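The values are calculated or read from the model by the stated rules, or taken from the named source; none is laboratory data. Because the structure is predicted, anything quoted here is derived from the model rather than measured. Cβ atoms come from the backbone with ideal geometry, glycine included; neighbour counts cover every protein chain shown. Areas reflect the complete protein model, heavy atoms only, side chains present, ligands, DNA and RNA absent. Shrake-Rupley method; radii C 1.70, N 1.55, O 1.52, S 1.80 Å.
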Amino acid sequence: MRVLIVKLSSLGDVIQTLPVVHDLLAHARPVEIDWVVEEAFAPLLGVVLGIDRVVPYAGRRWRRQRFAAATRRERRAFEADLRREAYDAVIDFQGLIKSALVARRAMLTPGGHRYTYANGSELCGYEWPVRFLVDRPIAMERRVHAVRRYRLLAA
């Protein structure tokens, strides 16, 4: 099984998502895990055991120079890198439109699916249109800690 985690930022949220790697390795063997993350956090994930490939995303930098030729070239290179592999599961742990759009760009295997939240939870960012950008929205408890929410979505 090949899984793509989409958790772009912020540093604390990226770190809180790391237990999912352990869960996947423990319960979905054999599994290969790739992760799309904001480029500033890519070195951190590059040393995490169990993550096979980190795909750096420069969204913050690209927003500052949205229409520059270099930005367009980098975005095309990012998409090509993202689509280098096909995934059985693409999981958007962020629940935001920007992350759901990244998840939609990833290539799926036949029978593969994209997952994210079907609803928001207290103290967690969520943008309701994301449930229409994936084929498997998963309902969450209204009151749930972020780490538990990530683990439930991965399960």
Output the number of residues of the range 91-122 satisfying the condition of being in a strand (DSSP E or B), open to solvent by 50 Å² or more (accessible area, probe 1.4 Å) and within 21 Å of Ile15 (Cα to Cα). 1
Quick one: which residue in Ala68, Ala77, Ala58, Ala86 is of a type in the set (A, V, I, L, M, F, W, C), modelled with pLDDT under 95 and over 26 Å from Arg148 (Cβ atoms)? Ala68
Cβ pairs under 7 Å, 6+ apart or interchain, first in the range 93-119 and touching a residue at least 24 places away in the same chain (Cβ under 8 Å) and closer than 11 Å to Pro129 by Cα, second in a loop (DSSP other than H, G, I, E, B) and open to solvent by 60 Å² or more (accessible area, probe 1.4 Å), ordered by first then second residue, are Gly95/Glu127; Leu96/Glu127; Ile97/Glu127
Residue list for the range 12-56, filter: open to solvent by 80 Å² or more (accessible area, probe 1.4 Å) and under 15 Å from the mean Cα position of the chain (by Cα): Ile15, Glu32, Asp52
Scanning the range 13-37 for residues that are among the charged types (D, E, K, R) and under 12 Å from Ile91 (Cβ atoms) gives Asp23, Asp34
Restricting attention to the range 92-121, the residues that are under 13 Å from Leu152 (Cα atoms) and among the hydrophobic types (A, V, I, L, M, F, W, C) number exactly 2
Looking at Ile15, Ile33, which one is β-branched (Val, Ile, Thr) and in contact with a Gly (Cβ under 9 Å, 6 or more places away or on another chain)? Ile33
For the range 139-155, how many residues are assigned to a loop (DSSP other than H, G, I, E, B), of a type in the set (A, V, I, L, M, F, W, C) and open to solvent by less than 100 Å² (accessible area, probe 1.4 Å)? 3
For the range 73-81, state whether one or more residues are surrounded by fewer than 16 Cβ atoms within 10 Å (Cβ to Cβ), part of a loop (DSSP other than H, G, I, E, B) and at negative phi. no
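So that you can scan it fast, the table gives a plain yes or no per residue for (1) within 21 Å of Val21 (Cα to Cα); (2) touching a helix residue (DSSP H, G or I) at 6+ places or on another chain (Cβ under 7 Å):
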residue	(1), (2)
Ala68	no, no
Arg76	no, no
Ile91	yes, yes
Gln94	yes, no
Ser121	no, yes
Tyr150	yes, yes
Can you confirm whether the range 57-65 contains a residue that is open to solvent by less than 30 Å² (accessible area, probe 1.4 Å), under 20 Å from Gly125 (Cβ atoms) and not in a helix (DSSP H, G or I)? yes
Flag for Leu4 being at pLDDT 95 or above, assigned to a loop (DSSP other than H, G, I, E, B), under 14 Å from the mean Cα position of the chain (by Cα) and crowded, with 21+ Cβ neighbours inside 10 Å: no
